[in-house]
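A short write-up of the structure that comes next.
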Amino acid sequence: MRALVLKDFGRMVVADVPQPQQGAGEVLIKITAVGICGTDVHGFTGENGRRQPGQIMGHEAAGTVAATPADSGLRVGQAVTFNPLITCGACAPCHDGAEQHCADRRVIGVNPEIQAAFAEFVAVPVPNVVPLPDTLPVAHGALIEPLAVAFNAVRRAGVGAGDGVLVIGAGPIGQSVVLAARDAGAELIMVSDINAERRDLCARLGASTLDPTTADTATEYRARAGAAADVTIDAVGISATLQAALGATRPGGTVVLVGMGAKRLEFGAFDLTTMERSLIGSFCYTRADFARAARWAGSHAAELAGLVSAELPFDQAPRAFEQLAGSSPAPGKVLVRADW
Ligand SMILES: [Zn+2]
Ligand SMILES: [Zn+2]
């Protein structure tokens with residue numbers, strides 16, 4: 001089968017590799033589409049140190065069941081996505097519905113020994129497979145994983161009805177955060193990003209937008225909203241954005257850091273302490289978040305489609321990685337079609 005192999009940092013190739021064997025308790029999925037995640041791009045360049053040469057990446061994917069154990073409740077041909085977190089199911093976090101904290105957590109698309117979804121087929125444990133609502137084009141099921149990241153961030157932020165929410169960073173995660181914050185009842189959602197195309201995309205999702213190169217984010221948010229934000233979600237994660245997030249958030253409010261733009265950050269400590277703001281980290285999602293994101297997608301298929309910037313044939317994926325690692329990122333999600 002065809003697969004996209006990270007040959008070396010900065011070099012991706014389409015290679016012919018053996019099709020994965022369906023192990024006991026596994027579902028073999030024929031991939032329709034895989035999303036290119038920012039973490040894949042940073043893994044491709046070697047920047048984040050979380051991917052290894054020789055690896056087949058891909059953790060945002062959807063396809064159809066090619067083979068399944070008889071007792072799985074799934075059927076051949078059924079449209080599915082998968083939760084890439086493989087967890088033990090037996091430890092305290094797994095029991096308590098915080099599976100992402102499982103000490104034995106492995107991630108399809110991150111752990112190099114697992115063949116992931118930039119391929120024509122992937123084998124996934126039965127509990128990780130999530131059926132797609134039939135209102136959704138199969139390829140768009142690849143958007144459910146980043147949407148689950150956003151549902152987790154918004155839940156951890158405690159966004160509630162009537163809240164004012166600032167989102168810093170209008171890339172694919174920021175875009176999904178807009179949708180998740182709206183679902184949580186936020187009254188005002190404002191998005192700050194330097195990229196005009198990304199701001200436009202968020203405006204189409206119903207958010208107000210601001211350009212931090214022409215106005216100070218915190219000042220502009222307060223002026224236009226008439227108050228500081230109840231919650232700010234930083235989907236960039238560099239010192240400047242975290243500082244802006246603190247400045248834009250009301251005393252006692254919450255800042256969630258989900259962007260991973262830098263490994264170390266510097267910010268005004270007193271902006272956190274004296275205003276009793278909460279700073280919360282957010283990374284993956286629970287199984288419940290993932291299921292909720294899938295259900296939400298089923299009833300909002302048209303909006304979800306608005307997050308897709310391009311769908312490319314498999315052979316063009318290496319070039320897409322190079323372009324995304326360059327200076328002009330796509331405004332929304334780039335999907336690689338394994339069936340094209
Ligand atoms: Zn991702
Ligand atoms: Zn566990």
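Which condition from (1) over 18 Å from the mean Cα position of the chain (by Cα); (2) open to solvent by less than 40 Å² (accessible area, probe 1.4 Å) is the one that Ser299 breaks?
For Ser299, the failing item is (2).
Keeping to region 1-24, report how many residues are of a type outside the set (S, T, N, Q), within 29 Å of Ser72 (Cα to Cα) and open to solvent by 40 Å² or more (accessible area, probe 1.4 Å).
Number satisfying all stated conditions: 3.
Would region 262-269 turn up any residue that is over 21 Å from the mean Cα position of the chain (by Cα), open to solvent by less than 40 Å² (accessible area, probe 1.4 Å) and modelled with pLDDT of 95 or more?
Yes.
Out of region 58-75, which residues are outside any loop (DSSP other than H, G, I, E, B), of a type outside the set (A, V, I, L, M) and in contact (Cβ under 8 Å) with a residue 24 or more places away in the chain?
Start the filter on region 58-75 by keeping residues that are outside any loop (DSSP other than H, G, I, E, B), which leaves 61-67, 70-72.
Narrowing the set further to residues that are of a type outside the set (A, V, I, L, M) leaves 63-64, 71-72.
The answer is Gly63, Thr64, Ser72.
Given (1) assigned to a helix (DSSP H, G or I); (2) under 16 Å from Arg292 (Cα atoms), identify the lone condition not met by Ile173.
All conditions are met except number (2).
I'd like to know if region 164-180 contains one or more residues that are touching a Phe, Trp or Tyr at 6+ places or on another chain (Cβ under 6 Å) and either free of Cβ contacts under 8 Å to residues at least 24 places away in the same chain or over 24 Å from Ala301 (Cβ atoms) (or both). Lay out the reasoning, then the answer.
Kept after step one, since they are touching a Phe, Trp or Tyr at 6+ places or on another chain (Cβ under 6 Å), are these residues of region 164-180: 166, 180.
Remaining after also requiring either free of Cβ contacts under 8 Å to residues at least 24 places away in the same chain or over 24 Å from Ala301 (Cβ atoms) (or both): 166.
Scanning region 164-180, I find at least one residue that is touching a Phe, Trp or Tyr at 6+ places or on another chain (Cβ under 6 Å) and either free of Cβ contacts under 8 Å to residues at least 24 places away in the same chain or over 24 Å from Ala301 (Cβ atoms) (or both), so the answer is yes.
Condition test on Pro137, is it open to solvent by 40 Å² or more (accessible area, probe 1.4 Å), within 28 Å of Ser299 (Cα to Cα), more than 16 Å from ligand 1 (Cβ to nearest atom) and outside the structural domain of Phe314 (by TED's automatic domain parsing)? Let's see the steps before the verdict.
Values: open to solvent by 40 Å² or more (accessible area, probe 1.4 Å): yes; within 28 Å of Ser299 (Cα to Cα): yes; more than 16 Å from ligand 1 (Cβ to nearest atom): yes; outside the structural domain of Phe314 (by TED's automatic domain parsing): yes.
It is true that Pro137 is open to solvent by 40 Å² or more (accessible area, probe 1.4 Å), within 28 Å of Ser299 (Cα to Cα), more than 16 Å from ligand 1 (Cβ to nearest atom) and outside the structural domain of Phe314 (by TED's automatic domain parsing).
Taking region 191-206 as the region of interest, how many residues are open to solvent by 10 Å² or more (accessible area, probe 1.4 Å) and touching a helix residue (DSSP H, G or I) at 6+ places or on another chain (Cβ under 6 Å)?
Residues flagged as open to solvent by 10 Å² or more (accessible area, probe 1.4 Å) and touching a helix residue (DSSP H, G or I) at 6+ places or on another chain (Cβ under 6 Å) within region 191-206 amount to 2.
Identify the single condition in (1) open to solvent by 20 Å² or more (accessible area, probe 1.4 Å); (2) in contact (Cβ under 8 Å) with a residue 60 or more places away in the chain; (3) not in a strand (DSSP E or B) that Asp230 does not satisfy, given that it satisfies every other one.
So Asp230 meets the others, but not (3).
Is there a residue in region 51-61 that is of a type in the set (Val, Ile, Thr), under 30 Å from Gly10 (Cβ atoms), away from ligand 2 (no atom under 16 Å from the Cβ) and under 17 Å from the mean Cα position of the chain (by Cα)? Write out each step before concluding.
Within region 51-61, the subset of a type in the set (Val, Ile, Thr) is 56.
Then keep just the ones that are under 30 Å from Gly10 (Cβ atoms); that gives 56.
Within this subset, residues satisfying the condition of being away from ligand 2 (no atom under 16 Å from the Cβ) are 56.
Filter once more, keeping what is under 17 Å from the mean Cα position of the chain (by Cα): none.
The answer is no; no qualifying residue exists.
Please specify each residue of region 147-159 satisfying the condition of being crowded, with 24+ Cβ neighbours inside 10 Å and either in contact with a strand residue (DSSP E or B) (Cβ under 8 Å, 6 or more places away or on another chain) or not β-branched (Val, Ile, Thr) (or both). Don't jump to the end; show me each part of the working.
Just the residues of region 147-159 that are crowded, with 24+ Cβ neighbours inside 10 Å, to begin with: 147-154, 157, 159.
Result: Leu147, Ala148, Ala150, Phe151, Asn152, Ala153, Val154, Ala157, Val159.
Please go through region 173-190 and give me each residue that is open to solvent by less than 10 Å² (accessible area, probe 1.4 Å) and either at pLDDT below 95 or in contact with a Pro (Cβ under 8 Å, 6 or more places away or on another chain) (or both), ordered by number.
Matches in region 173-190: Ser176 only.
I'm trying to understand the selection: among the residues of region 54-68, which are open to solvent by 30 Å² or more (accessible area, probe 1.4 Å) and at pLDDT 95 or above?
Taking region 54-68 and keeping what is open to solvent by 30 Å² or more (accessible area, probe 1.4 Å), we get 54, 64, 66, 68.
Within region 54-68, Thr64, Ala66, Thr68 qualify.
If you scan region 159-203, which residues turn out to be over 24 Å from Gly35 (Cα atoms) and of a type outside the set (A, V, I, L, M)?
Step one: of region 159-203, the residues over 24 Å from Gly35 (Cα atoms) are 159-166, 184-190.
Correct list: Gly160, Gly162, Asp163, Gly164, Gly185, Glu187.
Under 7 Å by Cβ, and 6 or more places apart or on different chains, what pairs join a residue from region 25-37 that is at negative phi and of a type in the set (Asp, Glu) with one that is part of a strand (DSSP E or B) and within 16 Å of ligand 2 (Cβ to nearest atom)?
Close Cβ pairs satisfying both conditions: Glu26/Pro125.
Tell me the residue from Thr45, Thr39 that is open to solvent by 30 Å² or more (accessible area, probe 1.4 Å), within 16 Å of ligand 1 (Cβ to nearest atom), in contact with a Phe, Trp or Tyr (Cβ under 9 Å, 6 or more places away or on another chain) and at pLDDT below 95, please.
Being open to solvent by 30 Å² or more (accessible area, probe 1.4 Å), within 16 Å of ligand 1 (Cβ to nearest atom), in contact with a Phe, Trp or Tyr (Cβ under 9 Å, 6 or more places away or on another chain) and at pLDDT below 95 holds for just one of Thr45, Thr39, which is Thr45.
I want to confirm something. Restricting to region 101-132 and keeping residues that are assigned to a helix (DSSP H, G or I) and within 23 Å of Gly63 (Cβ to Cβ), which single residue is most open to solvent (accessible area, probe 1.4 Å)?
Looking only at region 101-132, we keep the residues that are assigned to a helix (DSSP H, G or I), and these are 101, 126-128.
If we keep only those that are within 23 Å of Gly63 (Cβ to Cβ) as well, we get 126-128.
Working: Val126: 37, Pro127: 90, Asn128: 4 Å².
Per the criteria, the residue is Pro127.
The values are calculated or read from the model by the stated rules, or taken from the named source; none is laboratory data. The structure presented is a predicted model; accordingly, all values stated were derived computationally and were not measured. Here Cβ is always computed from backbone atoms with ideal geometry, including for glycine, and neighbour counts include all displayed protein chains. Just the protein is used for accessible areas: all its heavy atoms, side chains included, with ligands, DNA and RNA removed. Shrake-Rupley method; radii C 1.70, N 1.55, O 1.52, S 1.80 Å.
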